[in-house]
1. Residue by residue through segment 1-34, note down the ones that are touching an Asp or Glu at 6+ places or on another chain (Cβ under 7 Å) and among the polar types (S, T, N, Q).
2. Of the residues that sit in segment 86-126 and are part of a strand (DSSP E or B) and of a type in the set (Val, Ile, Thr), which one is most open to solvent (accessible area, probe 1.4 Å)?
3. Please tell me if Ser83 is surrounded by fewer than 18 Cβ atoms within 10 Å (Cβ to Cβ), at pLDDT 95 or above and not in a strand (DSSP E or B).
4. Given the structure, is Thr170 in a loop (DSSP other than H, G, I, E, B), among the β-branched types (Val, Ile, Thr) and in contact with a helix residue (DSSP H, G or I) (Cβ under 8 Å, 6 or more places away or on another chain)?
5. For the structure I just gave you, tell me whether Asp144 is free of Cβ contacts under 8 Å to residues at least 40 places away in the same chain and either assigned to a loop (DSSP other than H, G, I, E, B) or touching a helix residue (DSSP H, G or I) at 6+ places or on another chain (Cβ under 7 Å) (or both).
6. Mind checking which residues of segment 129-139 are open to solvent by 10 Å² or more (accessible area, probe 1.4 Å) and not in a strand (DSSP E or B)?
7. If I go through segment 133-160 residue by residue, how many of them are in contact with a Ser or Thr (Cβ under 6 Å, 6 or more places away or on another chain) and either modelled with pLDDT under 95 or basic (Lys, Arg) (or both)?
8. Does Ile56 qualify as being open to solvent by 70 Å² or more (accessible area, probe 1.4 Å) and either farther than 30 Å from Cys180 by Cβ or out of contact with any Cys (no Cβ under 7 Å at 6 or more places or on another chain) (or both)?
Amino acid sequence: MIKNYKIQRPKFIEELIKINNINEEIRDLGKIQNSIVEDIEIDNIYEKGLTIDSCIFKNVIFNECSLHSVDLLDTVFENCDLSNIDFGGGSIHRVEFKNCKLLGAKFDECNLKEVGFFNTVAKYINCSYSKFKNVIIKECNFSDGTFQQVKLDKVSFNDSSLENAYFNKTNLNKIDLTTCNISGIDIEIENLSGVVVNTMQALDLTRLMKIVIK
């Protein structure tokens, strides 16, 4: 039976104010906080260590943006296109991605805690050397993603695609993949110990042991 972990939802303490010019907000305050950003395109933002706190981004397209080492807290992205965004080295806490595009997004060397990915396309996502704690991935496409030396603690994969995903030195002990597509998943045999799969998935994983079934 798949474990459905509960995660903390983003918290909004103050009334959110709609803003239209992200560059001005960053220039004047050095952060984006207590804001609603919707129905715009954000182009060519390159900020290292930016703080984004208690915000909602809705129907926003991020073009050529790098937010390396971002401090991302209590934020919701809904119907947003964050393809190829760089969140590498960031701290991501109580954040939700709903109906988003994260094609080729960089989440390497990140700390993700109390994070939800829902109905999100994240093909080719790079999560190498990251820590996932209390993370839900539900009805998402993480196919061809890279999970190299990722630490998974209370991570739930539900009805998602991990087709051709690359797991290197990532322990899947107690991770339930029974509702997911894991066709072509690439992982070392020793890191499969304790993983929960269904019968058909188990047969597919025998290819990793080079077993021939007749």
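The values are calculated or read from the model by the stated rules, or taken from the named source; none is laboratory data. Values in this document were obtained by computation on a predicted structure and should not be read as measured data. Reconstructed Cβ throughout: ideal geometry from the backbone, glycine too, with neighbour counts over all protein chains shown. Keep in mind that these areas ignore ligands, DNA and RNA; they rest on the heavy atoms of the full protein, side chains included. Shrake-Rupley method; radii C 1.70, N 1.55, O 1.52, S 1.80 Å.
1. Selection gives Gln8, Gln33, Asn34.
2. Our first condition is that a residue be part of a strand (DSSP E or B); within segment 86-126, this holds for 86, 91-98, 101, 106, 111-118, 121, 126.
Still in the list and also of a type in the set (Val, Ile, Thr): 92, 95, 115, 121.
Working: Ile92: 1, Val95: 0, Val115: 0, Val121: 58 Å².
Filtering segment 86-126 for residues that are part of a strand (DSSP E or B) and of a type in the set (Val, Ile, Thr), the one most open to solvent (accessible area, probe 1.4 Å) comes out as Val121.
3. It is false that Ser83 is surrounded by fewer than 18 Cβ atoms within 10 Å (Cβ to Cβ), at pLDDT 95 or above and not in a strand (DSSP E or B).
4. Spelling it out, Thr170 is indeed in a loop (DSSP other than H, G, I, E, B), among the β-branched types (Val, Ile, Thr) and in contact with a helix residue (DSSP H, G or I) (Cβ under 8 Å, 6 or more places away or on another chain).
5. Details: free of Cβ contacts under 8 Å to residues at least 40 places away in the same chain: yes; either assigned to a loop (DSSP other than H, G, I, E, B) or touching a helix residue (DSSP H, G or I) at 6+ places or on another chain (Cβ under 7 Å) (or both): yes.
So Asp144 fits the description; yes.
6. Tyr129, Glu139
7. 0
8. no
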